[in-house]
Amino acid sequence: MQKYQFISYIAMKSNEQLIDDLLTLAFAEDIGDGDHTTLSTIPATEMGRQRLIIKEEGILAGVEVARRVFHKFDPSLKMTVYINDGAHVKPGDVAFVVEGSVRSLLQTERTMLNIMQRMSGIATITAKYQQQLEGLKAKVLDTRKTTPGLRLLEKEAVKIGGGCNHRIGLFDMILIKDNHIDFAGGIPQAVSATKKYLAENGKDLKIEVEVRNTAEIDQALAAGVDRIMLDNFTPEQTREAVAHINGRVEIESSGGITLDTLRAYGEAGVDYISVGALTHSVKGLDMSFKAC
């Protein structure tokens, strides 16, 4: 048995503090003991301007995080925004201009671009998925399949792209999956133990259960859960499950769902469709930060 109590790093810090820590790490890994190229070629007094130029069509995300990048590194940098988060952009658009110390501009460039390109790529693909569900009640959800350390930014990008966040981590929702069920001895046992744990620890968290067949759906309903996840159901099986559940709880579809199959699941009547591809294998949106 562990002889210490694990205290969640996330629970100890606000989202703002976590992002600040992320930026501290990003600068540390990129700049180290100094950007010696910039320090040796650019005078400390040199002032200039750079603009963020969009090179690919998509959804812009990360502008407000970029503002934090510049301000954290050098509060004297002045950022003028022309295009905000969530806007549809095209090649040639200028999202913002930053002016101030050239040394600061050059040292923050890569960190800012890494964040904005990834967030914009996530927002762009999320928008494509959500557009496939136009006219339906279903919402596309992200997952925990994120880049370690970047989860808050990646999930924010999903929201900017029109999607919804699932749980942020293991701490803000109960999701009883197949392995939990098998180790606990079944859905009734797992849900019962969960409710006892929540009551004893004074926590009010929604309970979702992953199911594999109709029998497990009935067990989850009888146990009194908030949401049922239909794992690896076909669209036809999903339609039958939705009819069986008949609005008694929220329904989520999950498991290998692609852009091509997404609408069929939405038309089956589910409330949510979770898609790991929104964050785990996304391509960054092309953009550059050039002197002007």
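The values are calculated or read from the model by the stated rules, or taken from the named source; none is laboratory data. Just so we're clear, the structure is a prediction, and the values are computed from it rather than from any experiment. As a convention, Cβ positions derive from the backbone with ideal geometry for all residues, glycine included, and neighbour counts pool all protein chains shown. Only protein heavy atoms, including side chains, enter the accessible area calculation; ligands, DNA and RNA are left aside. Shrake-Rupley method; radii C 1.70, N 1.55, O 1.52, S 1.80 Å.
Helical content of the chain, expressed as a calculated mean residue ellipticity at 222 nm, amounts to -13500 deg cm²/dmol (DSSP H runs of 4 or more residues, -39,500 (n - 2.57) each, divided by residue number, nearest 500). Here the 3J(HN,Hα) profile of segment 262-272, calculated from phi with Karplus coefficients 6.51, -1.76 and 1.60 at θ = phi - 60°, is 4, 5, 4, 6, x, 5, 6, x, 6, 8, 9 Hz, Gly and Pro shown as x.
Charges were assigned to the Cβ only: +1 to each Lys and Arg, -1 to each Asp and Glu. The resulting dipole of segment 84-207 about its Cα centre is roughly 240 debye.
When the chain is fully extended, how far beyond the present Cα-Cα distance does K177 get from D20, taking 0.36 nm per residue of separation?
53.2 nm
Would you mind classifying segment 156-234 by shape? Square roots of the alpha carbon gyration tensor eigenvalues, ordered a ≥ b ≥ c; an a/c under 1.5 is rounded, otherwise it is prolate if a/b is larger than b/c and oblate if not. Here segment 156-234 falls in the oblate category. Classify segment 129-184 as rounded, prolate or oblate from the Cα gyration tensor: take a ≥ b ≥ c as the square roots of its eigenvalues, call it rounded if a/c is under 1.5, otherwise prolate when a/b beats b/c and oblate if not. Oblate. Between helix 15-31 and the chain there is an angle of about 50 degrees, using the helix long axis and the longest principal axis of the Cα atoms. Would you compute the Debye intensity of segment 15-70 from its alpha-carbon atoms alone, equal scatterers and no solvent, and pass along log10 I(q)/I(0) at q = 0.12, 0.14, 0.25, 0.26 Å⁻¹ to two decimals? These q points yield log10 I(q)/I(0) values of -0.46, -0.62, -1.11, -1.11.
A 20 angstrom limit on the alpha carbon distance is what I want to check against. Which of K145/K283; K90/K290; K128/K290; K128/K283 exceed it? Could the numbers behind the result be given before it?
Numbers: K145/K283 15 Å; K90/K290 17 Å; K128/K290 29 Å; K128/K283 13 Å.
Pairs exceeding the cut-off: K128/K290.
Helix 102-132 and the long axis of the chain differ in direction by around 30°, with both axes built from C-alpha atoms. With a simple spin-label model that places each label point 7 Å from the Cα along the Cα-to-Cβ direction, the separation between T234 and D74 comes to 6.1 nm. For the chain, a simple Cβ point-charge model (Lys and Arg +1, Asp and Glu -1, everything else neutral) yields a dipole of about 340 debye relative to the Cα centre. For the set K159/K195; K137/K195; K155/K203, the pairs lying more than 27 angstrom apart at their alpha carbons are K159/K195; K137/K195. For segment 218-292, the spread of Cα positions along the three principal axes, ordered from largest to smallest, is 64, 24, 17 Å. For the chain, the relative contact order works out to 22 percent when only alpha carbon pairs closer than 8 Å and six or more residues apart are counted.
For the peptides 110-123, 189-202, residues were scored by their other Cβ atoms within 10 Å and the scores averaged per peptide; the highest-first order is 110-123, 189-202. Computed from Cα atoms, the angle from the helix 151-160 axis to the main principal axis of the chain rounds to 90 degrees.
Would you mind getting me the FRET efficiency between V94 and D30? Use the beta-carbon distance for r and R0 = 30 Å, nearest 0.05. Working from the Cβ atoms, E equals 0.80. Each listed q (0.07, 0.08, 0.10, 0.13 Å⁻¹) maps to a log10 I(q)/I(0) for the chain from the Debye sum over equal C-alpha point scatterers, namely -0.35, -0.45, -0.66, -0.95.
Per residue, segment 139-292 exposes an accessible area of 48 Å² to a 1.4 Å probe, with every protein chain left in place. A Förster radius of 41 Å combined with the Cβ-Cβ distance from N246 to L170 puts the calculated FRET efficiency at roughly 0.85. Each of G86, L141, G100 was scored by the projection of its Cα onto the charge dipole of segment 70-160, and the greatest displacement toward the positive side belongs to L141; charges sit on the C-beta of Lys, Arg, Asp and Glu.
In this structure F289 has an accessible area near 10 Å², from a 1.4 Å probe over the protein heavy atoms.
Using a probe of 1.4 Å on the protein chains alone, the accessible area found for R212 is around 90 Å². Given G161, T214, F183, which one lies farthest toward the positive end of the charge dipole of segment 101-221, if we put +1 on the Cβ of every Lys and Arg and -1 on the Cβ of every Asp and Glu? Final value for the positive-end residue is G161.
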